[in-house]
Amino acid sequence: MFGLTRWNSFDDVFNFQRDMDRLLNQFWNDLPTRTSAGSSPSFHVNATDDGWRVDVPLAGVDPKHVSLEVAGNNLTIRAEVPGEGGDQNVSRYEQTLVIPQFLDLEKLTASHRHGMLRLTLPLKESVKPRRVQIETQVEDQRQLAGVR
């Protein structure tokens, strides 16, 4: 009459992880961005166990003409490409990203190689998964063994 199903905590953990991945992917896709003059290069976000890695293609941009500014949970990327031969025309790129609270902007690192700006945003320590040690009592082990 009543169907009983066995509870499997691992299914709950995997479902939670899948739901969190979906939520974070949706959040990143919905991030507000602001771009000034010029077209904005697309960027790629890769979530890792330690945080997020954001790759922004800036081909032809000298790294000394790129700046990053953090204000609150906003990260602004600015780049300028001076005109050729002393030309006064300057191409500008600016984009502001709202960074989720679970990422640690204090530990943000940036590198530039072969026209690619790579930002590494680690998870805050408080949200990183951690193992919890289970303490056992000697009495518990005797009871499990059937010793009295």
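The values are calculated or read from the model by the stated rules, or taken from the named source; none is laboratory data. Being a predicted model, the structure only gives us computed values, none of them experimental. All Cβ positions, even for glycine, are placed from backbone atoms using ideal geometry, and neighbour counts span all protein chains on display. Keep in mind that these areas ignore ligands, DNA and RNA; they rest on the heavy atoms of the full protein, side chains included. Shrake-Rupley method; radii C 1.70, N 1.55, O 1.52, S 1.80 Å.
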Filtering the stretch 114-133 down to residues that are over 21 Å from residue 78 (Cα atoms), at pLDDT 90 or above, among the hydrophobic types (A, V, I, L, M, F, W, C) and within 16 Å of the chain's Cα centre (by Cα) yields 123
Number of the exception - residue 136 against (1) among the hydroxyl-bearing types (Ser, Thr, Tyr); (2) open to solvent by 60 Å² or more (accessible area, probe 1.4 Å); (3) modelled with pLDDT under 90; (4) in a strand (DSSP E or B): (4)
Looking across the stretch 64-87 at residues that are outside any strand (DSSP E or B) and modelled with pLDDT of 85 or more, the single one that is nearest to residue 123 (Cα to Cα) is 73
Every residue in the stretch 61-88 that is surrounded by 10 or more Cβ atoms within 10 Å (Cβ to Cβ) and hydrophobic (A, V, I, L, M, F, W, C), please. 61, 66, 68, 70, 75, 77, 79, 81
If you check 111, 91, which single one turns out to be open to solvent by 60 Å² or more (accessible area, probe 1.4 Å), modelled with pLDDT under 90, of a type outside the set (Lys, Arg) and within 21 Å of residue 42 (Cα to Cα)? 91
